[in-house]
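The values are calculated or read from the model by the stated rules, or taken from the named source; none is laboratory data. Being a predicted model, the structure only gives us computed values, none of them experimental. Counting neighbours? That spans all protein chains shown, and the Cβs are built from the backbone with ideal geometry, glycine included. To get the accessible areas, we keep the full protein, side chains included, count just its heavy atoms, and leave off ligands, DNA and RNA. Shrake-Rupley method; radii C 1.70, N 1.55, O 1.52, S 1.80 Å.
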Amino acid sequence: MPPRPDLGPPPRLGYVASRLSRMAEIRSDDAALKRFAAHAGAGAYVIGGELVVLKNASACCDPLFAPDEARALGAVRESVFLGLAEDEAPRYGFGLDAKEIEPLKLRNDLKITDLRSIAVQGLIAAEHLPPLAEAKALLGWHARHRFCPNCGAPTQSVCAGWRRDCPACGAEHFPRTDPVVIMLAIAGERCVLGRSPRFVPTMWSCLAGFAEPGESLEEAVRREVREEVGIACGRVKYFASQPWPFPSSIMIGCHAEALSEKIVVDRGELEDARWFEREELAAMLKRQHAQGLTAPPPVAIAHHIIRSFVEDGADVLA
Ligand SMILES: [Zn+2]
């Protein structure tokens, strides 16, 4: 195959390239927050559990509600300040209880769906994906951290939703992000892909797993590849990252140099794994594979990790 096959213009990775200015410095400035809240263009993203509320439209749905419009949808359990849009209009995330979302599903003027489907199906303008990811990860953290892990007392949201304080023991709790390594193990013109039982039947993807306490990202990459497919890896090269708010991960994309060949699949994690030639991967990305095999959609970082190997071969490790 040619050194660099033409796969067309690079597709857009989902949930990255936020246009919001997060304005961390005003999160504890009540006067500034009050001033911004009065902005005529203020807008809120509305989330209940795993579901996002959108204004229904045939072409492109609108995920942004005026704050009063959003409050009319149901009782807002948690409100977080996400940042300022380019015109200084503030953006908020409003968290509703999952049960408040149920009656909204009956309304024709609304569309209720999950953030993954929104990204994959392109239901909203791409600029809304990063603030929705921010809102979902942060609101999900609030929902799961209502009690102090130190003493068990109920905690209170402060700093415009960016901290929870415990009035009983004084502990301060900050939103967390869990690192996941996602990688492609490469040997020359080949690389290893796996299939999770959760995948659609045709799809193959990169291996992935949580980095563990006391472990570097490079060590996590080598451990996960060894555990899942029995391959030893040497060099690890960082590629790019992506917030993955399901519920609160950051995907850290890497390429890794495979040092061994024999695959031993961990059937507890994967349905199958095997070596793929670059040429076969190119056909999968172009959706021209003879058996109809596919790569993950362009909104996911796995697509981009695979694509860069198809384009540049083992040079991705240089
Ligand atoms: Zn406490």
Point to revise | Per residue accessible area in Å² of region 77-184, where ligands, DNA and RNA are left out and the probe is 1.4 Å | key: 45
**Study point:** Heavy-atom accessible surface of the chain: percent carbon and sulfur, 1.4 Å
**Key:** 52
Study note, to complete from the structure: Unpartnered Cys in the chain, judged by a 4.7 Å Cβ-Cβ cut-off, are Cys60, Cys61, Cys159, Cys191, Cys206, Cys233, Cys254
Revision key, fill the gap. Filtered hits (lysines, Cα-Cα < 24 Å from Lys262, offset >= 8 within chain) -> Lys237
Check your understanding: Can you tell me the accessible area per residue over region 195-300, all protein chains present, probe 1.4 angstrom, in square angstrom?
Key -> 50
Exercise for review: Rounded to the nearest Å, what's the spacing between the alpha carbon centres of region 1-32 and region 212-241? Just the number, please.
Suggested key: 25
**Study point:** Relative contact order, percent, the chain [alpha-carbon distance under 8 Å, six or more residues apart]
**Key:** 18
Review point. Among the lysines, which have Cα under 25 Å from the Cα of Lys55 when same-chain residues fewer than 8 positions away are ignored?
Key: Lys99, Lys105, Lys111, Lys136
Review point. Accessible area, 1.4 Å probe, largest first: how do Lys55, Lys34, Lys105 sort?
Key: Lys34, Lys105, Lys55
Check your understanding: With +1 on each Lys and Arg Cβ and -1 on each Asp and Glu Cβ, how big is the dipole of region 38-172 about its Cα centre, in debye rounded to the nearest 20?
Key -> 460
Review point. Considering only DSSP states other than H, G, I, E and B, which trypsin sites (Lys or Arg not before Pro) in region 245-318 qualify as loop sites with at most 13 other Cβ atoms within 10 Å?
Key: Lys262, Arg267, Arg287
Study note, to complete from the structure: Taking the dipole of the chain about the Cα centre (Lys, Arg +1; Asp, Glu -1; charges at Cβ), the one of Asn108, Ala318, Met183 that reaches farthest to the positive side is Asn108
Review point. Under 17 Å from the 7 Å Cα→Cβ point of Ala290, by amide nitrogen: which residues of region 1-42?
Key: 1
Practice item. Would you please name the chymotrypsin sites (Phe, Trp or Tyr not before Pro) within region 223-317 that are DSSP coil residues with at most 12 other C-beta atoms within 10 Å of their C-beta? Key: none
Practice item. Averaging over all projection directions, find the projected area of the Cα convex hull of the chain and quote it in nm² with one decimal place. Key: 19.0
Study note, to complete from the structure: From DSSP H assignment alone, runs of 4+ in the chain each adding -39500 (n - 2.57), the sum over residues rounded to the nearest 500 puts [θ] at 222 nm at -6500 deg cm²/dmol
Review point. Relative to the Cα centre, what is the charge dipole magnitude of the chain, using +1 at the beta carbon of each Lys and Arg, -1 at the beta carbon of each Asp and Glu, and rounding to the nearest 20 debye?
Key: 460
